[in-house]
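First up is the structure itself, then whatever we jot down about it.
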There are 4 protein chains.
Amino acid sequence: MTSGDGSLTEELDLFYEEVRRHNSSPLWLQERQTVKTVPFLWRYDDFRPLLMRATELVPVGRQAERRVLVFANPGLEGKQSATSTLLANLQIIMPGEVAPSHRHTASALRLIVEGSGAYTAVQGEKSYMDPGDFVTTPNWTWHDHGHEGQGPMVWLDGLDVPMVMTFEAQFQEQYSEDKQPITKANDASMRLFGAGTLRPTWIHHDSVHSPLINYKFAHVYDVLTTLAKETDGSPFDAITLEYTNPLTGGPALATIGCFAQLLKPGQHTKAHRHTGGTIYHVIEGKGYSVIAGKRFDWGRKDTFVVPSWAWHEHVAEVESVLFVYNDWPVLQPLGLFREEPYTERDGHQEVTETFVAGPA
Amino acid sequence: MTSGDGSLTEELDLFYEEVRRHNSSPLWLQERQTVKTVPFLWRYDDFRPLLMRATELVPVGRQAERRVLVFANPGLEGKQSATSTLLANLQIIMPGEVAPSHRHTASALRLIVEGSGAYTAVQGEKSYMDPGDFVTTPNWTWHDHGHEGQGPMVWLDGLDVPMVMTFEAQFQEQYSEDKQPITKANDASMRLFGAGTLRPTWIHHDSVHSPLINYKFAHVYDVLTTLAKETDGSPFDAITLEYTNPLTGGPALATIGCFAQLLKPGQHTKAHRHTGGTIYHVIEGKGYSVIAGKRFDWGRKDTFVVPSWAWHEHVAEVESVLFVYNDWPVLQPLGLFREEPYTERDGHQEVTETFVAGPA
Amino acid sequence: MTSGDGSLTEELDLFYEEVRRHNSSPLWLQERQTVKTVPFLWRYDDFRPLLMRATELVPVGRQAERRVLVFANPGLEGKQSATSTLLANLQIIMPGEVAPSHRHTASALRLIVEGSGAYTAVQGEKSYMDPGDFVTTPNWTWHDHGHEGQGPMVWLDGLDVPMVMTFEAQFQEQYSEDKQPITKANDASMRLFGAGTLRPTWIHHDSVHSPLINYKFAHVYDVLTTLAKETDGSPFDAITLEYTNPLTGGPALATIGCFAQLLKPGQHTKAHRHTGGTIYHVIEGKGYSVIAGKRFDWGRKDTFVVPSWAWHEHVAEVESVLFVYNDWPVLQPLGLFREEPYTERDGHQEVTETFVAGPA
Amino acid sequence: MTSGDGSLTEELDLFYEEVRRHNSSPLWLQERQTVKTVPFLWRYDDFRPLLMRATELVPVGRQAERRVLVFANPGLEGKQSATSTLLANLQIIMPGEVAPSHRHTASALRLIVEGSGAYTAVQGEKSYMDPGDFVTTPNWTWHDHGHEGQGPMVWLDGLDVPMVMTFEAQFQEQYSEDKQPITKANDASMRLFGAGTLRPTWIHHDSVHSPLINYKFAHVYDVLTTLAKETDGSPFDAITLEYTNPLTGGPALATIGCFAQLLKPGQHTKAHRHTGGTIYHVIEGKGYSVIAGKRFDWGRKDTFVVPSWAWHEHVAEVESVLFVYNDWPVLQPLGLFREEPYTERDGHQEVTETFVAGPA
């Protein structure tokens, strides 16, 4: 041991320096992680002009293959993602534009925000998309899209890129031609598997993801409103339906849990919290959510984030339908999912702050 | 050893007698099983008058709690079942009749043959039934039925009673009252789970069977005919859809695989064989099947049996819809399922005999 | 309706006759099943002389391919099986005898009762067998055996033949030659998979049954007695270990649950009952069981049956090890397993009768 | 559109600034990730002196609860972890030291490097540890340790902290007292579950991880060397055994695949690559690995990393046993696992560089 504090400090500094030179670090010096998803909201009213501006300034194919604006959670410095594991991006395409066919190990979803006349093609099958439609382009499936209609078309792109990058398992491949060959009738998967309770016995779909490409909003909305006549659903999540793989009952995508949530006019859910950072997109409606004591007002086509383990509750001013996605399918089998109701104040948080949307 | 054949025979006889007295038997003396499901067909035209006659002769409640005629496969001496593991029975109920609530470990299904206005109640939920509907009353669920409409109502009862009896696992219980309390809205399960691809997240259904009580024929027929515009399905089974549990993708009932099969006008499937004795009921249509080289002509509402490992192929003269059930969900995980295509004669058997339906 | 009881009876008789002629039967006339597994015990002291006598009277190959005495439960008229789904047979082989290689869809097990020097070969691997060893010859695996040692060798054959026959899924095939080629080192599976907690990553064993052929008794006994120093195990089943497939944690055989049970000297288990007819074979020890109120005294190498849903409890006079097998792996996933403790009289039945073993 | 490039650039800059102010970023400006696990090796000869120095300079409890040096992969700037999802740290404890009981959602393993006389206690059970032992402290299990022997004790700590942090699912809790109560006999889990092929039926272990705390190296080494007499195992991974959960056949830990690998003297495996960054620790032996064309010489107690998708092959100069761990249990069910053999040059990479270990 050393004789005085001064020289001990010096010795320690030398020791730490020596450790560092060996590509190592003392665990006891490590500081707690500060990079962490925060609650946030992106207003569509702010982003639509930006998207339109992008169509003017950025020609497709030259600088950008796709015109996509990434929602960058301010808590995740430099990570440029909505939550620590998931992306939420807005993509705009204009009539006549196409995106060349490719595939990647990241799984993706599209939730249509605006417009019609565009299709996504996945593994030889085309599906035309309408607002509210939930479209899957799973892990390693060839996909491309094109816009044959009028006016701009906008959708929300959800991807598990940050998660797949953490695993250093990201692969990407361009198809040999711009468009993959279309080998199936449009929406064939919908007719084969869409009934959900009737399995076509002659088809072998040996995959971890759903065989369905497009879960049409018209159908989802119909199921939601029919149920709304009989039940309020969960006290925490109201009427929430999970988009499933009808062949397994599991999630539509292996890595992303996707849900449609209906809040009735005036419904105020109780607060709870759970692991799994969650992205909400307002398909229709108006209301607010209280997230970790902060009020987030939302309207049609807005997108917001509830971080992992943040208390949250929702209030709908009018009937509202939210599209919701998170990483629960990964967390749950690993024993990393946990959930807790808020038991004080009759289940409702005190609102201590109000989020102000818009530019910094 | 003994000196002569005569005394050896005598010694053997004494030995065998001694073995028998010990409640044992020499394996080498056992003969091959001769009791075996045979192909057979029961005509509805023969049975409807018998059922009507039963309503006149046999008051409900006195001799018979339910008026049910059991299809007794002639190959299964004394077993009085359609196949070695499954029952296929016709039940008739008349307006105003009810069956008291009970439950049993045998799983049951109903395929409605004729009439309307009757309901089945399962675990607090009522569902009214129409021709072609597939209704489940799974293992140990309370169920009862009543007829509030006009005219006779007939359905096919499918049960796994012979299988459950083999396991000596048969339990039965009467409900304390004639009718169980109705605690849910009619057909609530259909609205909650019928979409198949949208799981209600606030409901926990922790069971080996489907949460659905009634798979309505109108919907099934719609899916079948939509698919028929695009495909012929399997060369052996045409367009065959399995009724599934949407929460698992597995069979609607844990012990009975249930299917709807559409044959297009003129469609002639190729022959194959598989383990699992199978019962076919003609919901609609007209045609014939060749089973083990024998021709079985069938029409609307007839019921026939394809035994385990018998070659079979189907020919539809007009568009035909068959309801099909067997014990595959049990066979498959045990490694007892096997299947083989008929490769000779371009996949079609030689017809060497024609089955003559009707009374012996 | 008819005018008098006499003529009604006559009409009914005619009607029932008419129904029968249509290969049908009224459900309401059916009587309850009377064929049912009963508790029973076969003493080895009675059977050893019979087996030895068989070796003198019945040459292998002439009348009998194998000298096997079947335990025929007296409750199962004509069925000649120990329980409704399982066989328990004693097989004797003499030095120099071999059994030609074959395979069948029935799964089989061997529990060695007496002797040594004989081997079983399964799928190209040989294993020599000693008393207490549990040997598997699963569904559709090639197997044969031979006796290269001295003196008679006896084992208990357990098979699921009655179950497989109920499913009409029985297939059998002789190997092209008497002996299958030996392609692996003796007991290779034991070294590869016997550690149980260390999976050899370069082997793909894609099957519903265990890759292990022989679970040596010396090891099992060692585990049992080590545990016995610390615990009494279950109040109902004492220290009972299930033989498992180390690749899945599931049963060694897909259709038969197999267990080793140790009862300490003086241990008296509490009574319970469960579905699943169960066969007990006494590897070592002496004691008695009370089954449905009847006392069955047992000693070394005896075999007895506890029927489905019969109350049972065991008493060991000295340390006893039982080999136990039943059909639980089939019952459990089908929702047909149930279990109940005996709550009266401090968990012990009143003994109202004593079973007398030996010839009728 | 704008008239000149100059003003376009300016407009674009303004646009990008505007996007950024909205907490967003254009996808087309994003650069490829450069932070990526690189192959690396940490020599024990370098680290043992550092660890000993730490025991002199850093009193336990004052600055550091545990004296742990973290292996910081130089490719993962600032992340201070061995791979993108896993930690590999060296921990030293001195006689008499204890670590207070706590639990966390991160799963941890210990591979004992040096010394004896220390124990780990997990959920009320203690296990003393020897070199080569693989010890599990799974997700949310209480654990603590103490050193009752002589001399320093060193182990490798493997943890999934980076993965759990990515999911923002990290929870940690201190036990109310320094030591949790010991409620079980030492190594009770080993006697209950260690046989692997014999499941104790009276224990319910309802968890995603193994019930075993300590997989003793003496046993593992015995199994490895027994197998080595008969096989070379896989051409790529030699004789590699996975530590499994005997109740499921799955991985010992839900999130970390753990393996023991034996290379025979002179064995040279063929190169392959797969997703899943992998950590190798040399329990015994001497040799080298070629990773992405670079030669890494290793000896006893060294630790090295093979990044996801890097070609790698191993050469043993003497019999060598490696402890190996990675994140395969997470990758595989998500469809993110892929594997590829190196087909050129007879399966062996060209060595273009040699890694020089030691301080920078």
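Overview of values
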read-out	value
Verdict on B:Gly158 being within 30 Å of B:Tyr280 (Cβ to Cβ), touching a residue at least 24 places away in the same chain (Cβ under 8 Å), crowded, with 16+ Cβ neighbours inside 10 Å and among the small types (Gly, Ala, Ser)	yes
Enumeration of residues in segment B:309-332 that are within 14 Å of chain C (Cβ to nearest Cβ) and surrounded by 16 or more Cβ atoms within 10 Å (Cβ to Cβ)	B:Trp309, B:Ala310, B:Asn326, B:Asp327, B:Trp328, B:Pro329, B:Val330, B:Leu331
Failed criterion for B:Glu56 (all others in (1) among the acidic types (Asp, Glu); (2) in contact (Cβ under 8 Å) with a residue 40 or more places away in the chain; (3) surrounded by fewer than 16 Cβ atoms within 10 Å (Cβ to Cβ) hold)	(2)
Among the residues listed as A:Gly115, A:Gly146, the single one being free of Cβ contacts under 8 Å to residues at least 60 places away in the same chain, closer than 22 Å to A:Ser320 by Cβ and not β-branched (Val, Ile, Thr)	A:Gly115
Scan of segment C:127-146 for residues that are open to solvent by 10 Å² or more (accessible area, probe 1.4 Å) and closer than 15 Å to C:Gln91 by Cα, ordered by number	C:Asp130, C:Pro131
Any hit, segment B:102-118, residues being outside any loop (DSSP other than H, G, I, E, B), modelled with pLDDT under 95 and open to solvent by 10 Å² or more (accessible area, probe 1.4 Å)	no
Residue in segment A:88-103 that is in contact (Cβ under 8 Å) with a residue 60 or more places away in the chain, of a type in the set (S, T, N, Q) and within 22 Å of D:Ser24 (Cβ to Cβ) present	yes
Matching entry among B:Val282, B:Val306, B:Val290 (being under 16 Å from A:Thr201 (Cβ atoms) and in contact with a strand residue (DSSP E or B) (Cβ under 7 Å, 6 or more places away or on another chain))	B:Val306
Filtered residue count, segment C:268-297, keeping only those that are within 17 Å of the chain's Cα centre (by Cα) and among the hydrophobic types (A, V, I, L, M, F, W, C)	3
Every residue from segment D:15-43 that is touching a Gly at 6+ places or on another chain (Cβ under 8 Å) and either more than 10 Å from chain A (Cβ to nearest Cβ) or not in a strand (DSSP E or B) (or both)	D:His22, D:Val35, D:Lys36, D:Thr37, D:Val38, D:Arg43
Segments classed as strands (runs of 3 or more DSSP E), wholly inside segment D:176-265, with at least 1 members that are touching a Ser or Thr at 6+ places or on another chain (Cβ under 9 Å) and without any contact (Cβ under 8 Å) to a residue 24 or more places away in the chain	D:198-200, D:239-243
Residue within segment B:282-289 that is within 7 Å of chain A (Cβ to nearest Cβ) and either basic (Lys, Arg) or not in a helix (DSSP H, G or I) (or both) present	no
Of residues in segment C:203-218 being within 7 Å of another protein chain (Cβ to nearest Cβ) and open to solvent by less than 50 Å² (accessible area, probe 1.4 Å), the one farthest from C:Thr255 (Cα to Cα)	C:Tyr215
Selection within segment B:235-246 - open to solvent by 20 Å² or more (accessible area, probe 1.4 Å) and either more than 7 Å from chain A (Cβ to nearest Cβ) or hydroxyl-bearing (Ser, Thr, Tyr) (or both)	B:Pro235, B:Phe236
Residue satisfying all of: in segment A:335-354; open to solvent by less than 30 Å² (accessible area, probe 1.4 Å) and touching an Asp or Glu at 6+ places or on another chain (Cβ under 9 Å); nearest to the other protein chains (Cβ to nearest Cβ) among these	A:Gly347
Verdict on A:Tyr221 being under 17 Å from A:Gly132 (Cβ atoms), in contact with a Leu (Cβ under 7 Å, 6 or more places away or on another chain) and of a type in the set (Phe, Trp, Tyr)	no
Among residues of segment C:119-163, those that are more than 21 Å from the chain's Cα centre (by Cα) and hydrophobic (A, V, I, L, M, F, W, C), counted	0
Of all residues making up segment C:73-83, the number that are free of Cβ contacts under 8 Å to residues at least 60 places away in the same chain and at the interface with chain B (Cβ under 8 Å from one of its Cβ atoms)	2
Residues within segment D:29-44 that are touching a Lys or Arg at 6+ places or on another chain (Cβ under 8 Å) and modelled with pLDDT of 95 or more, tallied	2
Segment C:59-72 - residue that is free of Cβ contacts under 8 Å to residues at least 12 places away in the same chain and within 7 Å of chain B (Cβ to nearest Cβ) and, of those, farthest from C:Ala82 (Cα to Cα)	C:Gln63
When residues of segment D:136-176 are limited to those that are more than 12 Å from every other protein chain (Cβ to nearest Cβ) and small (Gly, Ala, Ser), the one nearest to D:Phe304 (Cα to Cα)	D:Gly158
Selection count where residues are within 14 Å of chain C (Cβ to nearest Cβ) and open to solvent by 10 Å² or more (accessible area, probe 1.4 Å), scope segment B:290-306	2
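The values are calculated or read from the model by the stated rules, or taken from the named source; none is laboratory data. None of the values given here were measured: they were computed from a predicted structure. Positions of Cβ are generated from backbone atoms using ideal geometry, with glycine treated the same way; all protein chains shown enter the neighbour counts. Calculation scope for accessible area: heavy atoms of the full protein, side chains included, ligands and nucleic acids excluded. Shrake-Rupley method; radii C 1.70, N 1.55, O 1.52, S 1.80 Å.
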